[in-house]
Amino acid sequence: MTTTYTNAKNWLVQADLLAKSGLTDLIAGKDSGAGYGKAIIGDFSIMMPAAYSLVRNRNIMHHETISKDGAWVRYVEGTWLDLKDVQFFWGSAALAQSDHTLLHDDKAKKAELALESILADLAVLNIPDGVKLSISLSNHNPERWGQEIKRRVEGTHTFEHLHPLTRSIVTKTVEIVVTGIYPEGFGSIAHCLFGEASLVLDPSELAIALDIGSSTWLITVFNGSGAVIDRHLIEGGAGELHTMIAETLDKRNDRVSLLSKDVKHSPSLVNQGIIEGTFTYGGNHLTGKKFETEYSQCLDQWWSNRIEKFANFVTAGNYLDRAKYLVAWGGGVSLPVVDQNLADLGFVILNNPQFINALGLKLLTQISLGA
């Protein structure tokens with residue numbers, strides 16, 4: 001049973017339990033994502049913004065940060081010699097820094113910072129010292145980046161992080177074994193066919209999967225053996241919708257106060273309002289404003305343009321008539337109205353859609369180890 005952290009209290013309890021568990025081996029799957037990285041490590045799931053910030057001035061005490069979706073990490077020593085004594089922030093802790101890097105702005109960073117991403121996950125989870133981690137990862141171009149990711153990630157790494165409960169700096173050593181690096185969405189296919197959420201699909205039958213992520217819509221046609229028949233990428237995922245809404249808010253003539261005049265609205269705060277279900281921009285009475293109208297307007301434009309491209313691809317390839325299933329996953333499928341639109345079109349929407357790829361990658365790790 002996967003435990004998803006739903007609040008700080010639960011996260012702190014889980015972090016304490018994991019550190020004291022005595023576990024020596026963990027099996028994992030990591031979906032680096034574009035907007036958010038998702039991982040299933042043992043029986044724990046973790047999701048953090050895919051953001052990085054290098055600590056340049058090491059004389060400043062940076063390690064005070066602590067969060068269930070962000071971390072400070074210092075690489076002490078290990079296989080990756082170039083990282084020795086490097087400190088960095090990840091996730092929400094990186095977003096708080098003015099010089100942070102968003103991984104979706106440069107896809108190469110998803111490979112170049114693969115180890116840092118995993119170490120941040122392990123820091124937030126507060127893994128026991130001396131663990132061996134067997135992990136499968138996904139990448140948008142494994143032919144180009146697969147060997148580089150394995151070279152950077154695999155090995156023995158000693159690192160420091162802040163203990164979630166005692167707030168003291170602790171040192172951990174982890175041995176990481178990379179069992180596979182797969183194309184984006186391959187873990188999702190494995191989960192659908194061979195995991196808990198099985199689709200009944202013969203080798204000769206087809207399914208069409210739609211993955212709505214932060215930066216793209218990815219269409220994958222696959223058969224019951226897990227073979228990918230065709231793929232098609234449509235630019236402009238949920239992050240594009242957030243940007244459209246933010247830009248629409250920029251053009252509003254009304255203002256709550258002089259403090260909100262000429263505000264450049266943030267897509268991340270738009271996303272926060274959607275996730276919380278309030279459809280309110282900003283967290284205080286000075287800037288807070290409802291954006292249901294903007295959401296409805298932008299969603300219609302965003303959805304209609306991309307679903308038309310989806311339809312053109314699956315019909316032109318003669319896949320739609322042959323498909324036994326239409327299946328949807330990715331964080332964007334849970335957006336209000338989008339989930340209903342997909343259901344109306346006959347899509348099977350899997351539970352916990354943001355973690356489907358990571359769950360499948362963990363399954364592939366288990367299969368490779370014979371576990």
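The values are calculated or read from the model by the stated rules, or taken from the named source; none is laboratory data. This is a predicted model, so every value here is computed, not measured. Here the Cβ positions follow ideal geometry from the backbone for every residue, glycine too, while neighbour counts run over all protein chains shown. Side chains included, ligands, DNA and RNA excluded: accessible areas come from the protein's heavy atoms. Shrake-Rupley method; radii C 1.70, N 1.55, O 1.52, S 1.80 Å.
Would you calculate the separation in nanometres between label points at Asn351 and Gln366, each defined as 7 Å from the Cα along the Cα-to-beta-carbon direction?
Those two pseudo-labels are separated by 1.4 nm.
Charges only on Cβ, +1 for Lys and Arg, -1 for Asp and Glu: so what's the dipole of the stretch 114-195 about the Cα centre, in debye to the nearest 20?
With Lys and Arg at +1 and Asp and Glu at -1, about 60 debye.
May I ask you to compute the full-extension gain from Asn318 to Asp106, defined as 0.36 nm times their residue separation minus their alpha-carbon distance, rounded to one decimal in nm? Write down the numbers at each step before the final one.
Values: separation 212, 0.36 × 212 = 76.32 nm, distance 3.39 nm.
Extending this stretch completely gives an extra 72.9 nm.
What FRET efficiency do you get for Arg231 and Phe194 if R0 is 22 Å and r is their Cβ-Cβ distance, rounded to the nearest 0.05?
That pair, Arg231 with Phe194, gives E of 0.65.
Just His104, His140, His265 to compare: in a GNM of the chain, with alpha carbon springs under 10 Å, which one fluctuates most?
Maximum among the listed residues: His265.
From the helices alone, meaning DSSP H stretches of at least four residues, give me the mean residue ellipticity at 222 nm for the chain, per-run term -39500 (n - 2.57), in deg cm²/dmol to the nearest 500. Could the numbers behind the result be given before it?
Details: 11 runs with 122 residues, N = 371.
My calculation for the chain gives -10000 deg cm²/dmol from helical runs alone.
With contacts defined as alpha carbon pairs under 8 Å and 6 or more residues apart, what's the relative contact order of the chain in percent? Mind dumping the intermediate values first?
Working: 765 pairs, mean separation 65.7, N = 371.
Dividing the mean separation by the residue count of the chain yields 18 percent.
Sort 169-179, 338-348 for me by packing, meaning the mean count of neighbouring Cβ atoms within 10 Å per residue, highest on top. Don't jump to the answer; show the numbers that get you there.
On the way: 169-179: 17.5, 338-348: 14.8.
Ranked from most to least packed, the peptides come out as 169-179, 338-348.
Label Ser204 and Asn57 with points 7 Å out from Cα along Cα→Cβ: what is the distance between them in nm?
Spacing of the two 7 Å Cα→Cβ label points: 7.0 nm.
How many percent of the accessible area of the chain is carbon or sulfur, using a 1.4 Å probe? Please list the in-between numbers first.
Numbers: 8390 of 16710 Å².
Its accessible area is 50 percent carbon and sulfur atoms.
In the stretch 127-226, what % of DSSP beta bridges are antiparallel (nearest 5)? Can you show the working numbers first?
On the way: 15 of 24 bridges.
Close to 60 percent.
Using the Cα centre of the chain as the reference point, and only Cβ charges (+1 on K/R, -1 on D/E), how large is the resulting charge dipole? Debye, rounded to the nearest 20. Numbers along the way, then the final one.
Details: 32 positive and 41 negative charges, 124 e Å.
The calculation lands at about 600 debye.
Find which of Asn341, Ser225, Asn139 sits farthest along the positive direction of the dipole of the chain, computed with +1 on the beta-carbon of Lys and Arg, -1 on that of Asp and Glu, about the Cα centre.
Value computed over the given set: Asn139.
To check you understand DSSP bridge types, tell me what percent of the beta bridges within the chain (both residues inside) are antiparallel, rounded to 5.
Antiparallel bridges make up about 65 percent of those DSSP assigns within the chain.
Over the stretch 69-209, what is the relative contact order in whole percent, taking alpha-carbon pairs under 8 Å and six or more residues apart? Before the final figure, lay out the partial values.
Working: 219 pairs, mean separation 35.9, N = 141.
Answer for the stretch 69-209 is 25 percent.
Highest mean first, what order results for 151-161, 226-236 on Cβ atoms within 10 Å? Provide the component values of the computation, followed by the final result.
Working: 151-161: 19.2, 226-236: 14.4.
Final packing ranking: 151-161, 226-236.
For the stretch 136-193, what proportion of DSSP beta bridges, expressed in % and rounded to the nearest 5, is antiparallel? Please list the in-between numbers first.
Numbers: 8 of 12 bridges.
For the stretch 136-193, the DSSP antiparallel bridge percentage is about 65.
For the chain, what does the accessible surface come to per residue with a 1.4 Å probe? Please give it in Å².
Details: 16710 Å² over 371 residues.
Value returned for the chain: 45 Å² of accessible area per residue.
Starting from the 7 Å offset along Cα-to-Cβ, what nm value, one decimal, do you get for the label separation of Gln147 and Thr171?
3.5 nm
Highest first, please rank the peptides 181-193, 198-210, 311-323 by the mean number of other Cβ atoms sitting within 10 Å of their residues. If you can, show how the numbers build up before the last one.
Details: 181-193: 24.3, 198-210: 16.9, 311-323: 14.2.
Order by mean packing, descending: 181-193, 198-210, 311-323.
Could you calculate the FRET efficiency of Asp99 with Lys132 from 1/(1 + (r/R0)^6), where r is the beta carbon distance between them and R0 is 22 Å, rounded to 0.05?
On the way: r = 34 Å, r/R0 = 1.57.
Using R0 = 22 Å, I get an efficiency of 0.05.
Given a Förster radius of 30 Å and the C-beta distance between Leu81 and Thr24 as r, what FRET efficiency does 1/(1 + (r/R0)^6) yield to the nearest 0.05? Each step should come with its number before you reach the end.
On the way: r = 26 Å, r/R0 = 0.86.
Taking R0 as 30 Å, the efficiency between Leu81 and Thr24 is 0.70.
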